[in-house]
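Following: one structure in structure tokens, then a few remarks.
Coordinate-derived values only; no laboratory data. Computed from a prediction, not measured in an experiment: that's the story for all the values here. We place every Cβ from the backbone using ideal geometry, glycine too, and count neighbours over all the protein chains shown.
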Amino acid sequence: MSTIRNVNDELAQFTGTSCYFKHPVFGFTYTEGVQHLAQEFKCYWLLKEIALHNHTSLEKIDESFQVWKLQRNNTPRTSFSLHCEDGNYNELFRTTIPSSDFEGDEVTIWFIDEVLLLPSEY
């Protein structure tokens with residue numbers, strides 16, 4: 001039986017933030033924990049995906065509190081499901097990432113009032 005590698009467990013040391021980062025293209029803000037996630041796991045593309053689905057007119061998500069989950073699919077193992085929920089487990093959006101070299105099996109990021117943060121940073 002294999003264990004699921006939840007990246008949030010590895011980033012639990014991030015509790016709050018003293019430094020914010022601004023995305024150069026989309027202009028949203030993100031925390032030190034999200035910066036560490038993007039840098040260490042080479043997934044700046046994930047930040048871009050979240051921003052794209054929040055700011056394009058076709059997929060605009062109009063919720064001030066969003067829970068974004070990236071989860072590895074069983075087949076093929078290099079594909080992922082990315083979905084967004086409101087704070088009450090109502091699904092707002094879902095897409096498939098056909099291929100990624102993301103090392104973890106899942107990660108959750110919150111997007112609250114234009115700020116991306118890890119749940120442990122709330």
| message | Just to be sure I understand the filter: pairs with C-beta atoms under 6 Å, separated by 6 or more residues or on different chains, first member in the range 7-30 and in contact (Cβ under 8 Å) with a residue 24 or more places away in the chain, second member assigned to a loop (DSSP other than H, G, I, E, B) and among the aliphatic types (A, V, I, L, M). Which pairs pass? | response | Leu11/Leu118; Phe14/Leu118
| query | Can you tell me how many residues in the range 25-72 are crowded, with 18+ Cβ neighbours inside 10 Å and closer than 18 Å to Asn90 by Cβ? | reply | 6
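Given the options Phe80, Phe111, Phe93, name the one that is in contact with a Cys (Cβ under 7 Å, 6 or more places away or on another chain), buried (at least 16 other Cβ atoms within 10 Å of the Cβ) and in contact (Cβ under 8 Å) with a residue 12 or more places away in the chain.
Only one candidate passes the filter, namely Phe93.
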| note | The number of residues in the range 27-52 that are closer than 12 Å to Thr17 by Cα and of a type in the set (Asp, Glu) is 1
| query | Mind checking which residues of the range 13-24 are assigned to a loop (DSSP other than H, G, I, E, B) and either under 15 Å from the mean Cα position of the chain (by Cα) or buried (at least 16 other Cβ atoms within 10 Å of the Cβ) (or both)? | reply | Phe14, Thr17, His23
| Single condition Cys84 does not satisfy, out of (1) assigned to a strand (DSSP E or B); (2) under 21 Å from Arg5 (Cβ atoms) | (2)
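Just to be sure before I move on: is Leu92 in contact with an Asp or Glu (Cβ under 8 Å, 6 or more places away or on another chain) and outside any strand (DSSP E or B) in the structure I sent?
On the way: in contact with an Asp or Glu (Cβ under 8 Å, 6 or more places away or on another chain): yes; outside any strand (DSSP E or B): no.
For Leu92, the condition - in contact with an Asp or Glu (Cβ under 8 Å, 6 or more places away or on another chain) and outside any strand (DSSP E or B) - is not met.
Suppose the filter is within 17 Å of Leu118 (Cβ to Cβ), under 11 Å from the mean Cα position of the chain (by Cα), in contact (Cβ under 8 Å) with a residue 24 or more places away in the chain and assigned to a helix (DSSP H, G or I); does Ala38 pass it?
Working: within 17 Å of Leu118 (Cβ to Cβ): yes; under 11 Å from the mean Cα position of the chain (by Cα): yes; in contact (Cβ under 8 Å) with a residue 24 or more places away in the chain: no; assigned to a helix (DSSP H, G or I): yes.
It is false that Ala38 is within 17 Å of Leu118 (Cβ to Cβ), under 11 Å from the mean Cα position of the chain (by Cα), in contact (Cβ under 8 Å) with a residue 24 or more places away in the chain and assigned to a helix (DSSP H, G or I).
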| message | Tell me whether the range 55-70 contains one or more residues that are in contact with a Lys or Arg (Cβ under 7 Å, 6 or more places away or on another chain) and free of Cβ contacts under 8 Å to residues at least 60 places away in the same chain. | response | no
